[in-house]
Ligand SMILES: Nc1ncnc2c1ncn2[C@@H]1O[C@H](COP(=O)(O)OP(=O)(O)OP(=O)(O)O)[C@@H](O)[C@H]1O
Ligand SMILES: [Mg+2]
């Protein structure tokens, strides 16, 4: 486990209990989607996973070692675990896109060449090289979102936490973001992201955690949990449509019980075509 949160409790000033004994385990190299209704505690949990918030009870371990909340501990933690906030306006602060993306790597005391390479890579990966010299406050929402993700990716963290990374992106932007995240995952980065989109989680995540009322209702393999009608009902989530098509095909005897369910549009369409033929 790269991150292990056990029995986390947290109440915001004013008394709202946001985490109520939450357990979450993040395996190294996994792509974990966090799903759950508004107010379930998803953002609050991410803020705990990089030390922005400290639980009133419970513990967090990073790579098997308990985290430390002193200055050195937090610096080391945030270097290894990056966080992309839901609202890019809360994250971007430098005058230009390039300055913003460079800020983190510059503070890692890396050689200048290495900083330049990382920043160029991140700008290119998020396809915002052409925006490098633009003021961050003059970008569209989706462009700001990409700039914020580029800044976190340029730090090359072991774990990247993303709060609603796809929300507000157009279809092309979302597909592109997922391909970038896939590349990061393939190069060994562990991904933890929140989303309200069960179809995105179904197609992209290998693990899901279903949040409800400040707790994890269930955590496990995406293919098992998001195909479990009873669990989805309890978590108040819709069934991913590709899973629904696959299960309907199974019920009609057109897909073997042990054959995998389609993961995305192309696979679902291929299945429908095969059924028609
Ligand atoms: N700054 C804050 N001060 C007080 N209460 C807060 C604050 N931020 C969140 N809360 C409360 O904590 C609970 C958990 O909120 P959180 O933002 O973690 O939910 P979420 O699962 O991320 O929801 P969403 O899907 O809407 O983003 C909610 O009841 C919310 O009202
Ligand atoms: Mg949230």
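The values are calculated or read from the model by the stated rules, or taken from the named source; none is laboratory data. The structure presented is a predicted model; accordingly, all values stated were derived computationally and were not measured. As a convention, Cβ positions derive from the backbone with ideal geometry for all residues, glycine included, and neighbour counts pool all protein chains shown.
Observations on the structure shown:
Yes/no per residue for (1) in a helix (DSSP H, G or I); (2) surrounded by fewer than 17 Cβ atoms within 10 Å (Cβ to Cβ); (3) away from ligand 2 (no atom under 16 Å from the Cβ); (4) modelled with pLDDT of 90 or more:
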{"residue": "150", "(1), (2), (3), (4)": "yes, no, yes, yes"}
{"residue": "156", "(1), (2), (3), (4)": "no, no, yes, yes"}
{"residue": "160", "(1), (2), (3), (4)": "no, no, yes, yes"}
{"residue": "166", "(1), (2), (3), (4)": "no, no, no, yes"}
{"residue": "169", "(1), (2), (3), (4)": "no, no, yes, no"}
{"residue": "173", "(1), (2), (3), (4)": "yes, no, yes, no"}
{"residue": "182", "(1), (2), (3), (4)": "yes, yes, yes, yes"}
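- Here residue 47 clears all of (1) buried (at least 22 other Cβ atoms within 10 Å of the Cβ); (2) within 16 Å of ligand 2 (Cβ to nearest atom); (3) under 30 Å from residue 138 (Cβ atoms) except the condition numbered (1).
- Among all residues of the stretch 200-215, there is at least one that is closer than 30 Å to residue 117 by Cα and either in contact with a helix residue (DSSP H, G or I) (Cβ under 9 Å, 6 or more places away or on another chain) or without any contact (Cβ under 8 Å) to a residue 24 or more places away in the chain (or both).
- Annotation note: of 40, 61, 5, the sole residue that is part of a loop (DSSP other than H, G, I, E, B), in contact with a strand residue (DSSP E or B) (Cβ under 7 Å, 6 or more places away or on another chain) and surrounded by 15 or more Cβ atoms within 10 Å (Cβ to Cβ) is 40.
- Residues (closer than 23 Å to residue 34 by Cβ and touching a helix residue (DSSP H, G or I) at 6+ places or on another chain (Cβ under 7 Å)) located in the stretch 244-261: 261
- Those residues of the stretch 61-94 which are more than 16 Å from ligand 2 (Cβ to nearest atom) and under 18 Å from the mean Cα position of the chain (by Cα), in sequence order: 62, 77, 78, 79, 80, 81, 82
- Checking each residue in the stretch 224-243 for being surrounded by 15 or more Cβ atoms within 10 Å (Cβ to Cβ), over 15 Å from residue 196 (Cβ atoms) and touching a helix residue (DSSP H, G or I) at 6+ places or on another chain (Cβ under 9 Å) picks out 225, 227, 231, 242, 243.
- Residue in the stretch 64-80 that is part of a strand (DSSP E or B) and either within 17 Å of residue 193 (Cα to Cα) or away from ligand 1 (no atom under 16 Å from the Cβ) (or both) present: yes
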